[in-house]
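The structure under discussion appears below in the form of structure tokens.
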Amino acid sequence: MTKGVCPVCNGTGKGENDRACRNCGGQEMYGRGTGEVNLRVDGTPCKHEYNSTTIGRCLTRYKCTHCSYQFDIDSGD
């Protein structure tokens, strides 16, 4: 997948309060901001918006509505 500079952190990988950017990796479990995101169909770097699906008792899959990016979160209830 072709990548581009994250439009939220401008490639720094850092978000609010010096935490990992929640658009380019910080949203994942134990994630770190990478500064890069997938490109949308129109070629622009994606600012993700997610749909969620419960795929297990404590497991939720988040999939971006604009690009192919997805990740799972285990809430560990």
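Derivation of every value follows stated rules applied to the coordinates shown; laboratory data play no part. This is a predicted model, so every value here is computed, not measured. With ideal geometry, Cβ positions are generated from the backbone for all residues, glycine too; neighbour counts draw on all protein chains shown.
Taking amide H as placed 1.01 Å from N in the peptide plane, residue 15 has its amide H under 5 Å from the amide H of 20, 21, each at least 5 places away in sequence or on another chain. A simple count of charges around residue 70, restricted to other residues whose Cβ falls under 11 Å of its Cβ and scoring Lys, Arg +1 and Asp, Glu -1, yields 0.
Which GluC sites (Glu not before Pro) does the chain hold that lie in a coil by DSSP with at most 12 other beta carbons within 10 Å? Before the final figure, lay out the partial values.
Details: sites: 16, 28, 36, 49; in loops: 28, 49.
Here the sparse-neighbourhood loop sites are 49.
3J(HN,Hα) along the range 38-51: 5, 8, 6, 4, 7, x, 8, x, 7, 9, 4, 10, 10, 10 Hz, from the Karplus curve 6.51 cos²θ - 1.76 cosθ + 1.60 with θ = phi - 60°, whole Hz, x for Gly and Pro.
Output the relative contact order of the chain, whole-number percent, from Cα pairs under 8 angstrom with separation of 6+ residues. RCO, the chain: 24 percent. For residue 35, neighbours were defined as the other residues whose beta-carbon sits under 11 Å from its Cβ, and their charges (Lys and Arg +1, Asp and Glu -1) total +2.
Once divided by 2.2 N^0.38 Å, the Cα radius of gyration of the range 30-77 becomes 1.30.
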